[in-house]
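As structure tokens, the structure follows; a few thoughts come after it.
The values are calculated or read from the model by the stated rules, or taken from the named source; none is laboratory data. Values in this document were obtained by computation on a predicted structure and should not be read as measured data. So basically every Cβ, Gly included, is an ideal-geometry build from the backbone, and we count neighbours across all protein chains shown. Remember, those area values only see protein heavy atoms, side chains included, never the ligands or the DNA or RNA. Shrake-Rupley method; radii C 1.70, N 1.55, O 1.52, S 1.80 Å.
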Amino acid sequence: MPLKIIVGIKWVPNTTSVNIDPKTGTLIREGIPSVVNPHDLTAVEMALKLKDRYGGTVTAISMAPPSALAGLEHVIGMGVDRGILASDRAFAGADTLATSYVLSKVIEKIGEYDLIIMGHETIDSSTAHIGAQVASWLRLPYVYYAVDIEYNEQDRSIIVRRMLENAYETYKVYLPAVVSIAMHTYEPRRVKVSNKLRAKTEDVIQVWTSKDLDIDINCAGLRGSPTVVSAIDFVPKVPRKNLVFKERDPKKAAKWLIDQLIQEGLLEL
Amino acid sequence: MKHIEKRFDAIVVGAGPAGATAAYQLAKMGYKTLLLERGRTPGSKSMFGGRVYIRPLKDIYEDFEKKAPIHRWVKKERISLVYDESATTIEYTSNKTTSFTTYLTQLSHWMANQAVEQGAILLTEIRVDRLYKEDGRYRGVVVEDEVVKSDVVIDAEGINRLLLEREGIVEKLSPDHVALGVKEVIKLEPDTINNLFGLDNNEGLSWILMGDVTDGIPGGAFIYTNRDSVSLGIVVLLGEAARRIDRHIYILVEELRNHPLLYKYFKDGRIMEYSTHLIPEDPSRLMPKKLYYDGLMIVGDAAGLLLNQGYTYRGVDFAAYSGYIAAKAYEKAHGNGGASEENLKIYQKMLEESFVMKMLRKFSSVSRLMKKERLFSTYPQLINLLASKLMHIEYDSYKLKEAFDEARKGRVGLIHIIKDLWEVSRKL
Ligand SMILES: Cc1cc2nc3c(=O)[nH]c(=O)nc-3n(C[C@H](O)[C@H](O)[C@H](O)COP(=O)(O)OP(=O)(O)OC[C@H]3O[C@@H](n4cnc5c(N)ncnc54)[C@H](O)[C@@H]3O)c2cc1C
Ligand SMILES: Cc1cc2nc3c(=O)[nH]c(=O)nc-3n(C[C@H](O)[C@H](O)[C@H](O)COP(=O)(O)OP(=O)(O)OC[C@H]3O[C@@H](n4cnc5c(N)ncnc54)[C@H](O)[C@@H]3O)c2cc1C
């Protein structure tokens, strides 16, 4: 039996340009172009590799504002079959609990699935909660830090290799299950023009609001979020000297640099 | 090679002002149009100085001035000749204006969105690898191992014309036919910008500097005020720059920003963006022999359609207008039975009759001025020396003629000055 895979992708501000509001301590997300969380592209790549190898379908899901349609189009361009965007004002302001709740409701509504794949973590919040929480809501087994998945059709299980600091663990897990893929494990493939055309011209993306889902509205969005950020402390700035050697002679430059390092007590000769 | 089933009337390669406008007009006339852009968003790979002339764009886009991303209306124009730490400046201020500042990324994005609103399909992050030919006619594009087909292809790939080179339609760019632009965008609060440059809200400044701003390399520097940032950059002849600079090119903008005359404007700003881009210096030499082939039209920078007026560029309005004309030409060709070479000839004809080609012909010798060293070193020096004689008064004061003679002594002969003046006034 081919695999029915669901991948979670998050639409995140491109954090290379994110600023923090010094007064409120919150992220300024406004006006910053968003991208698909890069580690989720790794997850998508894993899903597509499994599809290539074993056949099946890949559905991408995201809870995000409507602009995330562009992110779903992107992963469909890579080869994902269809996308579902959970988007509703009632979902705004969610902490990880409320996010994972809505995502698990989306997955329940999709109904048929064997494997749920998530990214390692996001670049804008990096809690790495969502995979574990979705697994909890759905009462499924969960493996984190996966680098490799093999599928065994006979007994509908997967063999997952999981990376630890200095070892690999191998698990056999019966499906359905949730797996998060370790970041940088795979290079995401490029989009294909035929797939992108499909994303634009065929109805492969659906938008679901709270009305489409069987949810308790008090568990979603701000209302469903018990976590409160009570304070943000900035990492103190380390004072740095800024010295520039202006001549062009590399020999002199090297000598100068070594002298500086000795002076700073960083180097002994 | 996989052939994609869906077929288009037109495929436009590149969503800069030329391509986006061609796609907009084609879609508006009801043609099935596909607009392909290799950047993440339309315009994300584009860069320009900062000012756009609006008149031609108003012919193309309805309510352009109300809807387009216009930052400030240029109401103050400055041209400075710089020598050492002094500058002599002409400033023209008027409440009338025909141009505005913007980010090219925003403008291209806006234009591409107009195309999408008219029904064009825009795909980003798609790099066309080559044009697709069937029986000797252009009939689509190749992206990796896939072919998308169309009745006509519009090449709007900009100045770095890899596709056209591959087809043997143009030659590889020579460093002596292009200039290099290097630019920083510096973030400043709108009020700060207004105060620094003496502007009201929505009023913009265009400031061109020549002389000691490019390390003596032929070229110039520019400053444009955007809504809440200032664009600052230089344009130098690429060949000369390569011969004369042995450091990284960004040093030139860095030095410009820290120039004693300019430092005060930017010291509180934050650098938001750094970019470089090529620009046709001598458009006439970059223009392909013809701009239409069987199933293919070439528009914008790819066609060398950029006007260098010496003190200003007209790239965006020319590019957009050529895209617009190409779309109109396709409509005519379509009516005559298809996009054959014979039928697309009308594109070149319409272009020749428009202001685009007329202006390009009129200003065709400006680029030769760029090769005149004196204009970039001797004259800025001369004028500033003259000004300093007249203005820096201690005991004795100078009369104009006296100051002038002293300033040019040993630098340049009177005959040369007269000849150069004549030449500049004819070519510019
Ligand atoms: C205390 C707190 C308060 C917050 N308040 C707000 C707020 O007011 N407004 C706001 O916008 N955000 C807020 N957030 C952020 C938001 O809750 C999280 O970004 C979100 O729940 C996902 O968590 P994460 O980014 O850490 O994902 P991780 O758990 O690090 O992500 C792991 C993987 O889960 C999947 N995933 C994560 N999020 C999604 C998603 N939305 N759709 C599909 N798949 C997903 C991806 O595959 C991802 O790689 C808050 C977070 C916290 C901790
Ligand atoms: C330093 C500098 C300053 C300038 N200042 C001004 C100014 O102040 N005012 C003005 O009017 N003009 C100015 N110009 C000129 C102006 O920017 C150009 O003339 C104008 O952008 C040309 O538009 P275009 O659409 O032809 O090309 P571009 O704007 O270059 O767009 C080409 C597009 O095609 C895409 N592309 C290329 N190859 C492919 C491919 N194979 N597949 C898919 N997509 C592809 C590119 O990513 C790009 O988006 C300046 C230029 C420079 C470099």
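A compact table of results
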{"read-out": "Failed criterion for B:SER365 (all others in (1) surrounded by fewer than 18 Cβ atoms within 10 Å (Cβ to Cβ); (2) within 11 Å of ligand 2 (Cβ to nearest atom); (3) polar (S, T, N, Q) hold)", "value": "(2)"}
{"read-out": "Entirely in region A:69-138, the helices (runs of 4 or more DSSP H) that have 1 or more residues that are near ligand 1 (Cβ under 6 Å from one of its atoms) and assigned by TED's automatic domain parsing to the domain that holds A:SER210", "value": "A:96-110, A:130-138"}
{"read-out": "Yes/no for B:ALA15 being away from ligand 1 (no atom under 16 Å from the Cβ) and farther than 30 Å from B:VAL253 by Cα", "value": "no"}
{"read-out": "Condition met for B:ASN201 (without any contact (Cβ under 8 Å) to a residue 12 or more places away in the chain and in contact with a Pro (Cβ under 8 Å, 6 or more places away or on another chain))", "value": "yes"}
{"read-out": "Boolean, B:ASP317 is within 18 Å of the chain's Cα centre (by Cα), away from ligand 1 (no atom under 16 Å from the Cβ) and of a type in the set (D, E, K, R)", "value": "yes"}
{"read-out": "Answer from A:ILE5, A:ILE107, A:ILE76, A:ILE9 - the residue that is at pLDDT 95 or above, within 14 Å of another protein chain (Cβ to nearest Cβ), surrounded by 22 or more Cβ atoms within 10 Å (Cβ to Cβ) and in contact with a helix residue (DSSP H, G or I) (Cβ under 9 Å, 6 or more places away or on another chain)", "value": "A:ILE76"}
{"read-out": "Every residue from region A:235-269 that is loosely packed, with under 12 Cβ neighbours inside 10 Å, within 42 Å of the chain's Cα centre (by Cα) and free of Cβ contacts under 8 Å to residues at least 12 places away in the same chain", "value": "A:VAL235, A:PRO236, A:LYS237, A:VAL238, A:PRO239, A:ARG240, A:LYS241, A:ASN242, A:VAL244, A:GLU264, A:LEU266"}
{"read-out": "Boolean, A:ILE217 is of a type in the set (A, V, I, L, M), out of contact with any Leu (no Cβ under 9 Å at 6 or more places or on another chain), closer than 30 Å to A:ALA92 by Cβ and more than 14 Å from chain B (Cβ to nearest Cβ)", "value": "yes"}
{"read-out": "Test: B:TYR379 is under 30 Å from B:ALA18 (Cα atoms), in a helix (DSSP H, G or I), open to solvent by less than 60 Å² (accessible area, probe 1.4 Å) and among the aromatic types (Phe, Trp, Tyr)", "value": "no"}
{"read-out": "Top-ranked residue in region A:34-58 [being among the β-branched types (Val, Ile, Thr) and open to solvent by less than 10 Å² (accessible area, probe 1.4 Å); ranked as farthest from A:VAL193 (Cα to Cα)]", "value": "A:THR42"}
{"read-out": "Strands (runs of 3 or more DSSP E) wholly inside region B:1-101 containing at least 3 residues that are among the β-branched types (Val, Ile, Thr) and away from chain A (no Cβ under 14 Å)", "value": "B:72-83, B:86-93"}
{"read-out": "Residue list for region B:237-249, filter: part of a helix (DSSP H, G or I) and more than 15 Å from B:VAL213 (Cβ to Cβ)", "value": "B:LEU238, B:GLY239, B:ALA242, B:ARG243"}
{"read-out": "Qualifying residues in region B:103-136 (those that are modelled with pLDDT of 95 or more, crowded, with 21+ Cβ neighbours inside 10 Å and among the polar types (S, T, N, Q)) - the one farthest from ligand 2 (Cβ to nearest atom)", "value": "B:GLN114"}
{"read-out": "Qualifying residue in region B:121-135 (condition: assigned to a loop (DSSP other than H, G, I, E, B), more than 14 Å from chain A (Cβ to nearest Cβ) and of a type in the set (S, T, N, Q))", "value": "no"}
{"read-out": "Members of region A:79-98 that are among the aliphatic types (A, V, I, L, M) and buried (at least 21 other Cβ atoms within 10 Å of the Cβ)", "value": "A:VAL80, A:ILE84, A:LEU85, A:ALA86, A:ALA94, A:ALA98"}
{"read-out": "Answer from B:TYR330, B:TYR347 - the residue that is under 24 Å from the mean Cα position of the chain (by Cα) and part of a helix (DSSP H, G or I)", "value": "B:TYR347"}
{"read-out": "Checking B:PHE197 against (1) closer than 23 Å to B:VAL235 by Cα; (2) open to solvent by 20 Å² or more (accessible area, probe 1.4 Å); (3) more than 20 Å from the chain's Cα centre (by Cα), the condition it does not meet", "value": "(2)"}
{"read-out": "Residues that are buried (at least 24 other Cβ atoms within 10 Å of the Cβ) and among the aromatic types (Phe, Trp, Tyr), drawn from region B:13-54", "value": "B:TYR24, B:PHE48"}
{"read-out": "Exclusive hit being among the hydroxyl-bearing types (Ser, Thr, Tyr) and either within 14 Å of another protein chain (Cβ to nearest Cβ) or more than 23 Å from the chain's Cα centre (by Cα) (or both), set A:SER180, A:SER125, A:SER157", "value": "A:SER157"}
{"read-out": "Residue check for A:GLU150: open to solvent by 60 Å² or more (accessible area, probe 1.4 Å), free of Cβ contacts under 8 Å to residues at least 24 places away in the same chain and within 14 Å of another protein chain (Cβ to nearest Cβ)", "value": "no"}
{"read-out": "Selection within region B:378-428 - among the charged types (D, E, K, R) and touching a Leu at 6+ places or on another chain (Cβ under 8 Å)", "value": "B:GLU406, B:ARG408, B:ARG411, B:ASP420, B:GLU423, B:LYS427"}
{"read-out": "Test result for A:GLU169, of a type in the set (Asp, Glu), surrounded by fewer than 16 Cβ atoms within 10 Å (Cβ to Cβ), more than 14 Å from every other protein chain (Cβ to nearest Cβ) and free of Cβ contacts under 8 Å to residues at least 40 places away in the same chain", "value": "yes"}
{"read-out": "Residue, farthest from the other protein chains (Cβ to nearest Cβ), within region A:183-202, restricted to residues that are surrounded by 20 or more Cβ atoms within 10 Å (Cβ to Cβ) and hydrophobic (A, V, I, L, M, F, W, C)", "value": "A:ALA199"}
